[in-house]
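See structure below.
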Amino acid sequence: MEEKTTLGKFITRKRREKHMTQKELADRLYVTESAVSKWERGISYPDISLVTSLCEELGITEHELVTASEDFRQRRIEKQARSYRRFTKIYLWMTSLMYAVSLLTCFICNLAVNHTLSWFFIVLTAEMAGFSLTTLPLLLPKYRYIGTLGAFFASLLLLLMTCCLYTGGNWFFVAAMGVLFGFSIVFLPLIVRALPLPAPLIRHKALLCFAVDTVLLFALIAVALGYSGETALFFTRACPAALYSLILPWAMLVIIRYGRVNALYRTAACLAVSGGYILPFNGVMNVLFNGKPFVLPTLRLHNWAEENLNDNVVWLTVLFLFGLAALFVVGGIVLTVRGQRRRDIG
């Protein structure tokens with residue numbers, strides 16, 4: 001009985017806030033005035049079929065009607081949602097208008113000055129790229145991230161092609177491959193993470209990204225050498241240098257992702273591999289690019305002249321990395337022993 005009374009008082013208060021009489025509310029709900037009176041006096045509940053209509057007339061939510069109290073938190077959320085929708089609508093109109101006005105202005109100016117359309121297409125494709133980032137995300141209710149990224153990538157390629165044609169150059173494929181490689185490094189992990197991959201590949205997403213990046217890197221090198229007319233260097237210098245440069249990131253991927261030891265051991269392995277990678281680096285590059293015989297740096301701490309400075313710095317860096325690796329190995333041993341003791345006690 002108390003719940004009916006509480007609900008009745010709530011309905012009465014909300015009706016009066018709307019400046020309605022019992023008869024007016026009854027007429028809008030197509031019920032008798034007596035039925036509304038019984039609700040407000042706590043004699044009966046509104047029929048369940050009338051809940052939605054009653055809430056609309058009283059300007060309340062169904063949750064508020066059931067609890068017979070105002071849900072200020074929900075009202076605040078709904079107000080914020082309405083404000084966001086209103087802001088989004090205004091923003092879409094303003095940005096679309098600005099793009100349209102600027103395009104129309106450039107269209108008229110290009111025709112008036114050059115009597116043809118030339119640089120206007122650069123403006124058009126540039127604004128397409130801007131539109132894909134600033135406005136398109138608000139127009140895509142589903143697949144917003146993939147759609148925005150794809151549209152921006154396509155419009156960026158169109159912009160590069162337009163600039164290439166306008167300047168009479170032949171550099172488009174080099175620029176496009178560079179953009180593709182950059183997009184792959186930055187965005188491919190996010191794309192792969194969102195894709196429904198087959199079960200065997202789920203645990204190897206990082207490996208898949210690294211493989212794609214590696215292929216794109218060699219494709220970029222090939223296109224760049226073709227553009228510069230030095231294709232013959234692809235196998236003699238470019239590929240060996242790229243392969244050596246990829247040893248460190250690939251080694252770290254394997255250690256971090258597939259190492260079955262604790263994190264301290266994996267850190268030690270990464271530091272040791274870094275030291276082993278740095279030590280012969282200059283010697284390998286001298287062989288590839290200068291045709292010199294391979295030699296390791298010589299440590300001469302008593303001689304810091306210019307000709308020995310680089311070798312000394314390399315050796316000190318390598319020794320520092322190996323020293324850190326040894327410290328992490330000690331930490332890994334301590335962590336392993338403590339874990340074994342806990343398991344023994346448990």
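Taking residue 43 as the residue in question, decide whether it is closer than 30 Å to residue 7 by Cα, open to solvent by 50 Å² or more (accessible area, probe 1.4 Å) and in a loop (DSSP other than H, G, I, E, B). Spelling it out, residue 43 is indeed closer than 30 Å to residue 7 by Cα, open to solvent by 50 Å² or more (accessible area, probe 1.4 Å) and in a loop (DSSP other than H, G, I, E, B).
Test residue 189 against the stated conditions and say whether it is free of Cβ contacts under 8 Å to residues at least 12 places away in the same chain and either open to solvent by 40 Å² or more (accessible area, probe 1.4 Å) or of a type in the set (D, E, K, R) (or both). Against the criterion (free of Cβ contacts under 8 Å to residues at least 12 places away in the same chain and either open to solvent by 40 Å² or more (accessible area, probe 1.4 Å) or of a type in the set (D, E, K, R) (or both)), residue 189 does not qualify. When residues of the range 102-160 are filtered for being closer than 30 Å to residue 86 by Cβ, among the aliphatic types (A, V, I, L, M) and open to solvent by 70 Å² or more (accessible area, probe 1.4 Å), how many remain? Counting residues in the range 102-160 that are closer than 30 Å to residue 86 by Cβ, among the aliphatic types (A, V, I, L, M) and open to solvent by 70 Å² or more (accessible area, probe 1.4 Å) gives 5.
Taken over the range 197-221, the criterion of being without any contact (Cβ under 8 Å) to a residue 24 or more places away in the chain and in contact with a Phe, Trp or Tyr (Cβ under 6 Å, 6 or more places away or on another chain) is satisfied by no residue. Screening the range 224-246 for residues that are open to solvent by 60 Å² or more (accessible area, probe 1.4 Å) and out of contact with any helix residue (DSSP H, G or I) (no Cβ under 6 Å at 6 or more places or on another chain) and picking the one that is farthest from residue 326 (Cα to Cα) gives 229.
Kindly indicate the residue of the range 278-297 that is outside any helix (DSSP H, G or I) and touching a Leu at 6+ places or on another chain (Cβ under 8 Å) and also most open to solvent (accessible area, probe 1.4 Å) among those meeting that condition. Going through the qualifying residues, I end up with 296.
On the stretch given as the range 162-176, residues that are without any contact (Cβ under 8 Å) to a residue 12 or more places away in the chain, open to solvent by 30 Å² or more (accessible area, probe 1.4 Å) and part of a helix (DSSP H, G or I) total 2. Which members of the range 321-334 meet the condition of being farther than 17 Å from residue 276 by Cα and either outside any helix (DSSP H, G or I) or touching a Leu at 6+ places or on another chain (Cβ under 6 Å) (or both)? Correct list: 331, 332.
The values are calculated or read from the model by the stated rules, or taken from the named source; none is laboratory data. Computed from a prediction, not measured in an experiment: that's the story for all the values here. As a convention, Cβ positions derive from the backbone with ideal geometry for all residues, glycine included, and neighbour counts pool all protein chains shown. Accessible surface areas use protein heavy atoms only, side chains included; no ligands, DNA or RNA. Shrake-Rupley method; radii C 1.70, N 1.55, O 1.52, S 1.80 Å.
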